[in-house]
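Here, each number is a calculation from the coordinates, and none is a lab measurement. Only a predicted model underlies this, so the values are computations on that prediction, with no experimental measurement involved. Neighbour counts are summed over all protein chains in view; Cβ atoms, including those assigned to glycine, are modelled from backbone coordinates with ideal geometry.
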Amino acid sequence: MSIISWIILGLLAGAIAKFLLPGRDPGGIIGTTLIGIVGAFLGGWLSSRFLDRPISTDFYDTATWLAAIGGSLVLLIAYRLLFGNSRDRR
């Protein structure tokens, strides 16, 4: 897959992660979108590095999608834990 495909996959993975984990995010839609893109890259890298799963060149590979969504969920949870209460302090 090209870098554009990974960005599109990240956008979609971020939207799916947001759907699976609803609630208010400190960064809004832009922050969630960036988390989705970074999560897709992180999930793909972790999957290929530690699970010995090669990154597929096919856009519709189930394992690639699950890794991207999983990476997005992990980053979204971490982001909420680190910055979730920043609006309450103001």
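Structure data summary
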{"quantity": "3J(HN,Hα) from dihedral phi, region 67-77, Karplus parametrisation 6.51/-1.76/1.60, rounded to Hz, x for glycine, proline", "calculated": "5, 5, 5, x, x, 5, 5, 4, 5, 5, 5"}
{"quantity": "Label-point separation in nm, SER5 to ALA63, each point 7 Å along Cα→Cβ", "calculated": "1.5 nm"}
{"quantity": "Calculated from backbone phi, Karplus (6.51, -1.76, 1.60) coupling profile of region 8-18 in Hz, x at Gly/Pro", "calculated": "5, 4, x, 4, 5, 5, x, 5, 5, 4, 5"}
